[in-house]
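The values are calculated or read from the model by the stated rules, or taken from the named source; none is laboratory data. These figures come from a predicted structure and were not determined experimentally. Neighbour counts run over all protein chains shown; Cβ positions are idealised from the backbone, glycine included. Protein only, heavy atoms only, side chains kept; ligands, DNA and RNA dropped before computing areas. Shrake-Rupley method; radii C 1.70, N 1.55, O 1.52, S 1.80 Å.
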Amino acid sequence: AVVSTQSTGEILVENRIDQVVHFSALLSAIGEQNVTLALQVNIEGFHNIIDLCRTHDLKLFCPSTIGAFGPETPRNPTPDLTIQRPKTIYGVSKVYMELLGEYYHHRYGLDFRSARFPGIISATTPGGGTTDYAVQIFYDAIETGHHECFLSPDTRLPMMYISDCIESVIQMMECPQEDLSQRTYNISAFSFTPEEIVAEIQKHVPLEVSYKIDPMRQKIASTWPQVLEDTAARRDWKWDPKFSLEKMVPYMLQKVRDQLSKDLPPPKELF
């Protein structure tokens with residue numbers, strides 16, 4: 001739908017929408033496998049949405065990502081305003097989104113807002129991102145007790161639990177516009193390596209890990225921030241994540257157990 005201006009516009013008008021949260025995108029690893037589709041979804045789709053928001057005077061939130069940074073970026077910590085130059089089509093499309101949103105704000109007065117998310121961890125099936133191991137590892141811990149990790153054990157990346165991710169969008173969208181000192185903010189909760197999350201999971205369930213490095217994903221991860229500096233978000237709209245790595249792990253293990261129990265086929269009737 002995001003690549004069809006007409007159908008999306010009809011949805012906005014018919015439902016009297018006044019705010020849009022636009023999450024549609026092909027993620028980093030999947031985008032590299034289909035650049036043409038990534039351009040259509042990530043760039044054309046966003047262009048359609050932002051034009052509709054300008055036409056109908058709607059507030060717009062579109063997430064950015066740690067993938068909007070590149071190998072020239074300071075990695076620990078990574079500030080809000082710094083050199084970006086990403087090396088994936090996903091990252092390039094997100095820098096385009098950030099800059100076009102800021103331009104529409106200054107040129108047309110559009111209330112555009114964005115946050116650069118770290119890897120988001122939830123019980124949802126992984127969707128083709130470079131941080132997906134941090135979700136798959138919980139499924140493997142419950143189902144088989146063994147996880148084959150596609151990143152090296154010392155690859156540090158910033159992460160966030162899904163509840164904090166959702167809360168951050170709500171907080172940012174509810175913040176008075178005059179309190180925002182910028183249009184795009186870094187936000188983060190914690191950073192860890194595969195080794196560190198393995199050790200934390202092992203406190204709760206048995207888990208063995210082997211490493212089979214995916215060269216493409218490892219190359220992408222090595223260009224991304226290790227720690228996001230998010231002082232501006234904490235100052236301007238009181239961003240304050242609730243989940244640490246230690247608090248998240250037992251939550252995730254239970255959420256994955258619940259998800260797996262839902263996926264089981266119903267028991268056969270006995271006659």
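Things to note:
- Taken together, the residues in the stretch 48-102 that are within 19 Å of ALA233 (Cβ to Cβ), among the β-branched types (Val, Ile, Thr) and not in a helix (DSSP H, G or I) amount to 4.
- The residue of the stretch 27-38 that is nearest to PHE61 (Cα to Cα), among those that are of a type in the set (A, V, I, L, M, F, W, C) and open to solvent by 30 Å² or more (accessible area, probe 1.4 Å), is LEU27.
- Members of the stretch 201-229 that are in contact with a Phe, Trp or Tyr (Cβ under 8 Å, 6 or more places away or on another chain) and open to solvent by less than 30 Å² (accessible area, probe 1.4 Å): ILE201, THR223, TRP224, PRO225
- Looking only at the stretch 67-106, and only at residues there that are of a type in the set (A, V, I, L, M) and open to solvent by 60 Å² or more (accessible area, probe 1.4 Å), the one that is nearest to the chain's Cα centre (by Cα): VAL92
- Filter result for GLU196 (at pLDDT 95 or above and buried (at least 16 other Cβ atoms within 10 Å of the Cβ)): no
- Boolean, LYS238 is part of a loop (DSSP other than H, G, I, E, B), open to solvent by 50 Å² or more (accessible area, probe 1.4 Å) and at positive phi: yes
- Condition check for ARG75: in contact with a Phe, Trp or Tyr (Cβ under 8 Å, 6 or more places away or on another chain) and at pLDDT 95 or above: yes
- Filter result (among the hydrophobic types (A, V, I, L, M, F, W, C) and either under 24 Å from GLY31 (Cα atoms) or exposed (fewer than 15 other Cβ atoms within 10 Å of the Cβ) (or both)) within the stretch 126-168: ALA134, VAL135, ILE137, CYS149, PHE150, LEU151, LEU157, MET159, MET160, ILE162, CYS165, ILE166
- Filtering the stretch 170-193 to residues that are open to solvent by 20 Å² or more (accessible area, probe 1.4 Å) and under 21 Å from ARG217 (Cβ atoms) leaves PHE190, SER191.
- Among the numbered conditions (1) open to solvent by less than 80 Å² (accessible area, probe 1.4 Å); (2) more than 20 Å from PRO126 (Cα to Cα); (3) in contact with a strand residue (DSSP E or B) (Cβ under 8 Å, 6 or more places away or on another chain), the only one that ASP18 does not meet is (1).
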